[in-house]
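Structure record follows, encoded as structure tokens.
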Amino acid sequence: MPGDLHTHTTFSDGSLKADWLPRLAARAGLSHLAISDHDSMHSVRYGYANRLRENVRLIPATELTAFDFERGRRVHILCYWPDETCPDLIAHCQLMADRRNAVCRQSGRELEEIYPQFRLEDALALAQDGGVLYKSTLMQVLCDYGLADGIYKETYKPLFGKGGKVLHDPDYQTVDQVLDVIHKARGVAVFAHPSVYKSMELVTELALAGRIDGIEIEHPRNTPEDKQVLYQLAAQCDLLVTGGSDFHGRNTGSPRALGMCRTGDDALARLEQLAQTRKG
């Protein structure tokens, strides 16, 4: 049975608590699920603490954020089965939490000036599960108070879109730094959705250099043209091919059901075998 290896919860910018996702996975006929919250030890620890829920096998995971400074683009790298005690991984996640909180607090203070009913403290209360503020957290407060038309709809664009009046982005680590963290944690590194940030050149470089273990090819936002090239690249470099929905619950610009993109049985078995080999 297949698995969905890319999902998000209230540990980061998803709308549902982690306990809900195994239920949805079971209803979707999945055997495996990876809760892969952004730069989060919470999702890693949840996966290890809940190895089997609703007859669904959980894979400990997190989606780490990096920046390709050569091309000026963000990069997401999925990390599966890392050592949850790895100091470098813990430090990276804490660093990104601190940076996200700093910029979102600034955005929140600016929203208070625009919307008298908005309060940063209300957004902080919504972020208790993961302890990290996101743009979607701030937008949720605006939605709850009738001040926005949706998380990522028309109200969002002038606030947090390109050049948005309250947009502040955190600083990110380099791609090599993040990959080094994954390797130190003995995790399995899978390049996430290359089409999303136009990273086809980068993923090719990393694959040929042996820096990644796999590519997330089955993803809602990968283009058909890119997917064809990625399958050829994965075959050439003998890489894992994974699939995931990038599920965020209602916190998404378009409907994206858990399980809509999947990882096959062979890839799941190979992923677990590789993880076991790394752990020794």
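The values are calculated or read from the model by the stated rules, or taken from the named source; none is laboratory data. The structure displayed is predicted, hence computed values, not measured ones. Cβ sites come from the backbone with ideal geometry, for glycine too, and all protein chains shown count toward neighbours.
For this structure, a couple of remarks:
- Some residue of region 187-198 being under 21 Å from Q276 (Cα atoms) and assigned to a loop (DSSP other than H, G, I, E, B): yes
- The single condition among (1) buried (at least 18 other Cβ atoms within 10 Å of the Cβ); (2) out of contact with any helix residue (DSSP H, G or I) (no Cβ under 6 Å at 6 or more places or on another chain); (3) not in a helix (DSSP H, G or I) that A257 does not satisfy is (1).
- Checklist (1) assigned by TED's automatic domain parsing to the domain that holds D246; (2) farther than 29 Å from D176 by Cβ; (3) within 18 Å of the chain's Cα centre (by Cα) applied to D129, failing item: (1)
- Set R71, R57: member being in a loop (DSSP other than H, G, I, E, B), assigned by TED's automatic domain parsing to the domain that holds D19 and of a type outside the set (D, E): R71
- Only one of the numbered conditions (1) exposed (fewer than 15 other Cβ atoms within 10 Å of the Cβ); (2) farther than 19 Å from L64 by Cα; (3) touching a residue at least 40 places away in the same chain (Cβ under 8 Å) is not met by G249, and that is (1).
- Residue that is crowded, with 18+ Cβ neighbours inside 10 Å, more than 28 Å from F11 (Cα to Cα) and either of a type in the set (V, I, T) or in the same structural domain as L21 (by TED's automatic domain parsing) (or both), where the choices are A207, A235: A207
- Residue within region 102-111 that is surrounded by fewer than 20 Cβ atoms within 10 Å (Cβ to Cβ), aliphatic (A, V, I, L, M) and within 15 Å of G244 (Cα to Cα) present: no
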